[in-house]
Amino acid sequence: MKARAAAEGRDPDHLLIFPGINPIVGRTDTEAEEKYRAMTELVTIDEALRMMSQPFSYHDFSQYELDAPFPEISDLGENLYLSTTNQIKQNARDRGLTLRQAALEFATPRSDFIGSAEHVANAVVRWFEAGAGDGFMLVCRLDGAFEAFLDDVVPILQARGLFRRNYEAATLRGNLGLPVPQNRHTARRGEPISDLVQTGG
Amino acid sequence: MVRERMIRLGYMDDGVGGSTWGWRQPGVDPDASVSIARYEDTARRAEAAKLDFLFIADSLSIGPTSSPHFLNRLEPLTLLSAVSRATSNIGLAATISTSFEQPFTVARQLASLDVMSRGRAGWNVVTSALEGAALNHSCATLDEHDERYRRAEEHVDVCRGLWDSWEDDAFVHDKAAGIFFTPEKLHPLGHKGAFYQVKGPLNIRRSPQGHPVIFQAGASKAGRELAAQKHPLLVFGRCRTVSKRRNPIMPT
């Protein structure tokens, strides 16, 4: 994505990538695993099928055999949540998943971000340093998981000098390091760039 | 000035949770998706931890099998307007569809949020993917995927044009001389395109960020192409397991 942006003449630093993560933080790795397992037990296969049906425009998956290979439904996903449905189908095909397996996995995906605060912080840093993105979008599914991340993981990232202790600016652009675009009409007249533009960068 | 490379963090707040089961957890208020006090509290906590932004997703149609959060939720811009008054630094990003809303309305709403929050607004540009959304907006059917993205591209272009209606120093407010603004610094848009015809100008001053930050969550080819070429400044994906994936960014 960044290379494409650069090829279009844009500053690649002005396109930021935020992969989503669903962290589950426990006092220990074991406690986090227990939380994850408790979460999977809240999901019934019927619910998992219903969740998976959403990006497929509420396609009725109950018509298929649960323990047979993921059904061929190639015509459905094309015009809707294209990237999501393609990913579900591709994943099921690549790994030979049954409908049941694909649905449960979709409903409660496992990830690297399950464990003690130290474990989760390490995973965040590892992904960041591997170039996964400029940051992360926390999409917490478990009650209390977001608060645990704020209370226990953020301070570790701050202590390692990888996350801010104070806001750099009062605007979103300022904090993200994105410039304020100059007004096109001002630019056309060739007037000097306003203070607003300079402080935004 | 070279900034040290730091991790940035946003969070998505979807009330009772985007899952079918989230609301059943003992600590979860089943009305969490319509509780502005809870959204505000969570945003204050996130702000205390110095997170970059709060992100509110959206959808435009439901059915009896939709997840609880989809069934009963606050409209994103209304929600973020309240959160803007409860916070002072954290970014506020709302999902708004380009398929059904007019660009004049969207540009106006986002400029208002940016002015109210003193420069913290963001727009997650989506094209809507559920057929039911069309049926709620006087359309018989959704446009094809690529057509929706062509419309989205023009929609965002129009908004950006409208956001430049007023130059930053247009309002001089000279009471003695009776001059409210400098006429040369007000610019109609005069847009005539394939999807939209918008004369302009916008009826609100240029906002603190000039243009609110544009987000793009779709990861289809058309979506990514649009993101790389021009508009979006933030793109989402999904992290799975590093070792098992060649490309660490898995589109959602």
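The values are calculated or read from the model by the stated rules, or taken from the named source; none is laboratory data. This is a predicted model, so every value here is computed, not measured. Neighbour counts are summed over all protein chains in view; Cβ atoms, including those assigned to glycine, are modelled from backbone coordinates with ideal geometry.
Just a few scattered comments:
- Here A:Pro69, A:Pro23 are screened, and the one residue that is modelled with pLDDT of 85 or more and buried (at least 18 other Cβ atoms within 10 Å of the Cβ) is A:Pro23.
- Total residues in region B:45-68, condition at pLDDT 95 or above and either within 20 Å of the chain's Cα centre (by Cα) or within 24 Å of B:Glu153 (Cα to Cα) (or both): 8
- Which numbered condition B:Gly210 fails, given (1) surrounded by fewer than 19 Cβ atoms within 10 Å (Cβ to Cβ); (2) out of contact with any strand residue (DSSP E or B) (no Cβ under 9 Å at 6 or more places or on another chain); (3) modelled with pLDDT of 95 or more: (1)
- Here region B:8-39 is the region considered, the condition is being in a helix (DSSP H, G or I) and aromatic (Phe, Trp, Tyr), and the residue that is farthest from the other protein chains (Cβ to nearest Cβ) is B:Tyr39.
- All positions within region B:125-152 that are within 11 Å of chain A (Cβ to nearest Cβ) and part of a strand (DSSP E or B): B:Val126
- Subset of region B:70-93 (residues that are within 14 Å of B:Asp52 (Cα to Cα) and within 12 Å of the chain's Cα centre (by Cα)): B:Gly91, B:Leu92, B:Ala93
- In this structure, A:Thr186 qualifies as facing chain B (nearest Cβ under 10 Å), without any contact (Cβ under 8 Å) to a residue 24 or more places away in the chain and hydroxyl-bearing (Ser, Thr, Tyr).
- Residues located in region B:58-105, provided they are among the polar types (S, T, N, Q) and away from chain A (no Cβ under 14 Å): B:Asn72, B:Thr78, B:Ser81, B:Thr98, B:Gln102, B:Thr105
- Residue ID - farthest from the other protein chains (Cβ to nearest Cβ), chosen from residues in region A:158-172 that are surrounded by fewer than 20 Cβ atoms within 10 Å (Cβ to Cβ) and closer than 26 Å to A:Gly26 by Cβ: A:Ala159
- Qualifying residue in region A:131-138 (condition: more than 18 Å from B:Ala48 (Cβ to Cβ), out of contact with any strand residue (DSSP E or B) (no Cβ under 8 Å at 6 or more places or on another chain) and within 9 Å of chain B (Cβ to nearest Cβ)): yes
The rows are residues; the columns are (1) out of contact with any Pro (no Cβ under 7 Å at 6 or more places or on another chain); (2) without any contact (Cβ under 8 Å) to a residue 12 or more places away in the chain; (3) under 16 Å from A:Glu105 (Cβ atoms).
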| position | (1), (2), (3) |
| --- | --- |
| A:Glu8 | yes, yes, no |
| A:Arg27 | yes, no, no |
| A:Ala48 | yes, no, yes |
| A:His59 | yes, no, no |
| A:Ser62 | yes, no, no |
| A:Pro71 | yes, no, yes |
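- Leading residue by the ranking (modelled with the lowest pLDDT) among those in region B:143-187 that are closer than 16 Å to B:Gln102 by Cα and of a type in the set (A, V, I, L, M, F, W, C): B:Ala152
To keep it simple, each residue is scored yes or no on (1) in contact with a Ser or Thr (Cβ under 6 Å, 6 or more places away or on another chain); (2) farther than 26 Å from A:Asp13 by Cα; (3) part of a helix (DSSP H, G or I); (4) of a type in the set (A, V, I, L, M).
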| position | (1), (2), (3), (4) |
| --- | --- |
| A:Leu66 | no, yes, no, yes |
| A:Asn86 | no, yes, yes, no |
| A:Gln101 | no, yes, yes, no |
| A:Glu118 | no, yes, yes, no |
| A:Ala121 | no, no, yes, yes |
| A:Val125 | no, no, yes, yes |
| A:Met137 | no, no, no, yes |
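- Criterion: within 9 Å of chain A (Cβ to nearest Cβ), crowded, with 16+ Cβ neighbours inside 10 Å and closer than 27 Å to B:Asp52 by Cβ - qualifying residue of B:Arg160, B:Arg108: B:Arg160
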